[in-house]
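Peer 1: Structure below; questions to follow.
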Amino acid sequence: MKRPSAEIVLSAYMQGIFPMAHPEEDDQIYWYAPDPRAILPIEDFHVPRRLEQTVRQDPFEICINRDFDGVVAGCAAPRKTQSSTWISSGLASVYAELHRRGFVHTVEAWDEGELVGGLYGVAIGGLFAGESMFYRKRDASKVCLVHLVRRLRRRGFVLLDIQFMTDHLARFGACEISREEYERRLAVAIDLPCKFVDGQDSAP
């Protein structure tokens, strides 16, 4: 399967499953539900001191859903140590469709009219499943993450899924929970009447 339908992808997230493409296998799509599962605590999110100072300096214009395609393209671009990423063109088109339906959102950092960093993820009820992030200027993606968590907190979200633990996210208080515990929290989260945006909302 190279391009699952939007309905299948949405249903998968509601069951704790997410897709990833394998470029080395002709962009074949595989499905994952890791155990343990990594999450970022929304209420106990930790902002390192230096980053907190950067956020206070307000170096970027933070926008919501201004340039979805630009953010996904930035996330899909190969990193310095990689020749490809898990976001295939097929997956990107599915996320674009879910974005049009109001389930996928971006948080973006702009500097003098240029998109310099951002992240995107899937929002269902009180769940936000963070998918990927990128930066072109120092701290741009991290500042977006801080704004994301603040928005989730204000709007009553209870679960921020990051799928796999990384050293980078551990600095923000990321932790691992069992798949069983994740599914328990997920069931509660997706039933909540949370909204990531209201109308044409573009403020941080």
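The values are calculated or read from the model by the stated rules, or taken from the named source; none is laboratory data. It should be emphasised that the depicted structure is a prediction, and the values quoted were computed from it without experimental measurement. Cβ coordinates were reconstructed from backbone atoms using ideal geometry, including for glycine residues, and neighbour counts include every protein chain displayed.
Peer 1: Taking Arg3, is it touching a strand residue (DSSP E or B) at 6+ places or on another chain (Cβ under 9 Å), modelled with pLDDT under 95 and not aliphatic (A, V, I, L, M)?
Peer 2: Yes.
Peer 1: Test Gly130 against the criterion of being surrounded by 20 or more Cβ atoms within 10 Å (Cβ to Cβ), over 28 Å from Val188 (Cα atoms) and under 14 Å from the mean Cα position of the chain (by Cα), and give yes or no.
Peer 2: no
Peer 1: Continuing with this model, one more query. Kindly indicate whether Gly173 is at pLDDT 95 or above and on the phi > 0 side of the Ramachandran plot.
Peer 2: yes
Peer 1: Right, next: When you go through Val122, Val158, Val188 one by one, which is the residue that is over 21 Å from Arg49 (Cα atoms) and either among the small types (Gly, Ala, Ser) or loosely packed, with under 15 Cβ neighbours inside 10 Å (or both)?
Peer 2: Val188
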